[in-house]
Amino acid sequence: MKNEFMMQAYKEALKAFKKDEVPIGCVIVKDNEIIARAHNRKVRKNCALFHAEIECINKACKKLDNWNLKGCDLYVTLEPCMMCTGAIVNSRIDRIFYGCKDPKGGALVSNIRFKRIKGLNHYPEIKGGLMEEECSKILKDFFKNKR
């Protein structure tokens, strides 16, 4: 299944790939319009916090001048990690759409399964598998080139 917003997240992943960063891209959508876009920049910034989702949430908050991103959807090429899932929950994003699962670090359905954590203040909807083959392939190609 292809989706224009996931395609835009994938284009962000391609930017990361070309910069020798782990190719993960993200966009945030409000009222059917992209309000923020980002890709991984951990290597360039030499900091573990520069994941695509964190960067994108930061940009969206600045754009809306609000930490609360209710009414927004997040599209990301790889299932978010624990850190990014926490940021998504805390920013109150309505829905998460992701490309492929992350069997090592995924915190939505692969490992942590955050919806099983009782007492969180927010539980966004989750939909996985958008452009799954493309999102998985770019990651496999990146790590194959590294080895």
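Annotations
- Degrees, to the nearest 10: 132-146 long Cα axis against longest axis of the chain: 50
- By accessible area with a 1.4 Å probe, ligands and nucleic acids excluded, highest first: order of Val29, Val43: Val43, Val29
- The H on the amide N of Ile126, modeled in the peptide plane, is under 5 Å from the matching H of Ile96, each at least 5 residues off or on a different chain.
- Largest accessible area first, the residues Asp65, Asp141, Asp73, Asp20 order themselves as Asp65, Asp20, Asp141, Asp73 under a 1.4 Å probe with ligands, DNA and RNA left out.
- Helix-only mean residue ellipticity at 222 nm for the chain, each DSSP H run of n ≥ 4 adding -39500 (n - 2.57), per residue, nearest 500: -11500 deg cm²/dmol
- The chain, relative contact order in percent, only Cα pairs under 8 angstrom and at least six apart counted: 22
- Separation of the alpha carbons by more than 29 angstrom is noted, of Lys18/Lys118; Lys63/Lys144; Lys11/Lys101, for Lys18/Lys118; Lys63/Lys144.
- 3J(HN,Hα) couplings calculated from phi for segment 94-107 with the Karplus curve 6.51 cos²θ - 1.76 cosθ + 1.60 (θ = phi - 60°) are, in sequence order, 6, 9, 10, 10, 10, x, 10, 6, 10, x, 8, x, x, 10 Hz; Gly and Pro show x.
- Ordering of 119-126, 130-137 by packing [mean C-beta count within 10 Å, highest first]: 130-137, 119-126
- Compactness index (Cα Rg / 2.2 N^0.38 Å), segment 70-118: 1.05
- Rounded Å value of the spacing that divides the Cα centres of segment 97-147 and segment 38-94: 14
- Average accessible surface for the chain: 56 Å² per residue, computed with a 1.4 Å probe over protein heavy atoms with every protein chain in place.
- Solvent-accessible area, 1.4 Å probe, carbon plus sulfur percent, for the chain: 51
- Three-way shape label, segment 1-91, alpha-carbon gyration tensor, a/c 1.5: oblate
The values are calculated or read from the model by the stated rules, or taken from the named source; none is laboratory data. The structure presented is a predicted model; accordingly, all values stated were derived computationally and were not measured. In this analysis, Cβ positions are derived from the backbone assuming ideal geometry, glycine residues included, and neighbour counts consider all displayed protein chains. Note: accessible area is taken over every heavy atom of the protein model, side chains too, but ligands, DNA and RNA are not part of it. Shrake-Rupley method; radii C 1.70, N 1.55, O 1.52, S 1.80 Å.
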